[in-house]
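The values are calculated or read from the model by the stated rules, or taken from the named source; none is laboratory data. Remember, predicted model here, so these are calculated numbers, not experimental data. Note that we place each Cβ from the backbone using ideal geometry, even for glycine, and neighbour counts take in every protein chain shown. What goes into the accessible areas is simple: the full protein's heavy atoms, side chains included, and nothing from ligands, DNA or RNA. Shrake-Rupley method; radii C 1.70, N 1.55, O 1.52, S 1.80 Å.
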Amino acid sequence: MSQSVSRDPLALENQVCFSLYSAANAMMRAYRPLLERLDLTYSQYLAMLVLWQHQGISVKTLGDKLHLDSGTLTPLLKRLELKGLVSRGRSESDERVRVLHLTEKGAALHQQALAIPEQMRCKLGGEPEAFIELKRLCDKAYGYLTQTETDKAD
């Protein structure tokens, strides 16, 4: 008895991971021309989103918010620093802690970036409620996938 492709658990079209992977790649490609105008990569844009909200944030906290380890974050921050968008310094309360501050150029970039979310919404089409639900489901999946084994046991 042959198994139908739609019932095959290993069929590519049945894989949630492939749909997420494909959508994430398409999303980054759609952002690229918008971010080129700002001279930012997608990863740099995500870092700047956090920095525009949290001036003086620690490098560790930024990494936590972006779900990035220091090995990935450090080169990204060095590139932002070379572009003159951020400066890295020491915390006044704890000299061991590295903190990030926007430069004038980095703060000014915020104005130029304000149009990007609406431009992306237009590219995607659909109702805002659908995007809210999609984000909620992605956040939920991320939460499930990053729980530690002890958390899952609770």
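So is residue 96 of a type in the set (Lys, Arg) and free of Cβ contacts under 8 Å to residues at least 12 places away in the same chain or not?
It is true that residue 96 is of a type in the set (Lys, Arg) and free of Cβ contacts under 8 Å to residues at least 12 places away in the same chain.
Kindly evaluate residue 65 against the criterion of being touching a helix residue (DSSP H, G or I) at 6+ places or on another chain (Cβ under 6 Å), part of a helix (DSSP H, G or I), at pLDDT below 95 and of a type outside the set (Gly, Ala, Ser). Outline the logic, then answer.
Details: touching a helix residue (DSSP H, G or I) at 6+ places or on another chain (Cβ under 6 Å): yes; part of a helix (DSSP H, G or I): yes; at pLDDT below 95: no; of a type outside the set (Gly, Ala, Ser): yes.
So residue 65 does not fit the description; no.
List pairs: first residue in segment 102-119 and touching a residue at least 40 places away in the same chain (Cβ under 8 Å), second residue of a type in the set (S, T, N, Q) anywhere in the structure, Cβ distance under 7 angstrom, at least six positions apart or on different chains.
102/55
Mind telling me which of the residues 114, 109 ends up being modelled with pLDDT of 95 or more, under 19 Å from the mean Cα position of the chain (by Cα), open to solvent by 60 Å² or more (accessible area, probe 1.4 Å) and farther than 30 Å from residue 146 by Cα? Show your work before the answer.
On the way: 109 fails: open to solvent by 60 Å² or more (accessible area, probe 1.4 Å).
Selected residue: 114, the only one of 114, 109 that is modelled with pLDDT of 95 or more, under 19 Å from the mean Cα position of the chain (by Cα), open to solvent by 60 Å² or more (accessible area, probe 1.4 Å) and farther than 30 Å from residue 146 by Cα.
Could you tell me which of the residues 80, 100 is out of contact with any Phe, Trp or Tyr (no Cβ under 7 Å at 6 or more places or on another chain), among the hydrophobic types (A, V, I, L, M, F, W, C) and part of a helix (DSSP H, G or I)? If you could, list the steps in order and put the result at the bottom.
Details: 100 fails: part of a helix (DSSP H, G or I).
Result: 80 is the single residue among 80, 100 that is out of contact with any Phe, Trp or Tyr (no Cβ under 7 Å at 6 or more places or on another chain), among the hydrophobic types (A, V, I, L, M, F, W, C) and part of a helix (DSSP H, G or I).
Right, residue 122: open to solvent by 80 Å² or more (accessible area, probe 1.4 Å) and part of a helix (DSSP H, G or I) or not? First the steps, then the outcome.
Values: open to solvent by 80 Å² or more (accessible area, probe 1.4 Å): yes; part of a helix (DSSP H, G or I): yes.
The answer is yes for residue 122.
Residues 49, 40: which one is modelled with pLDDT of 95 or more, buried (at least 16 other Cβ atoms within 10 Å of the Cβ) and assigned to a loop (DSSP other than H, G, I, E, B)? Step through it out loud before you land on a result.
Numbers: 49 fails: assigned to a loop (DSSP other than H, G, I, E, B).
Of the residues listed, the single one that is modelled with pLDDT of 95 or more, buried (at least 16 other Cβ atoms within 10 Å of the Cβ) and assigned to a loop (DSSP other than H, G, I, E, B) is 40.
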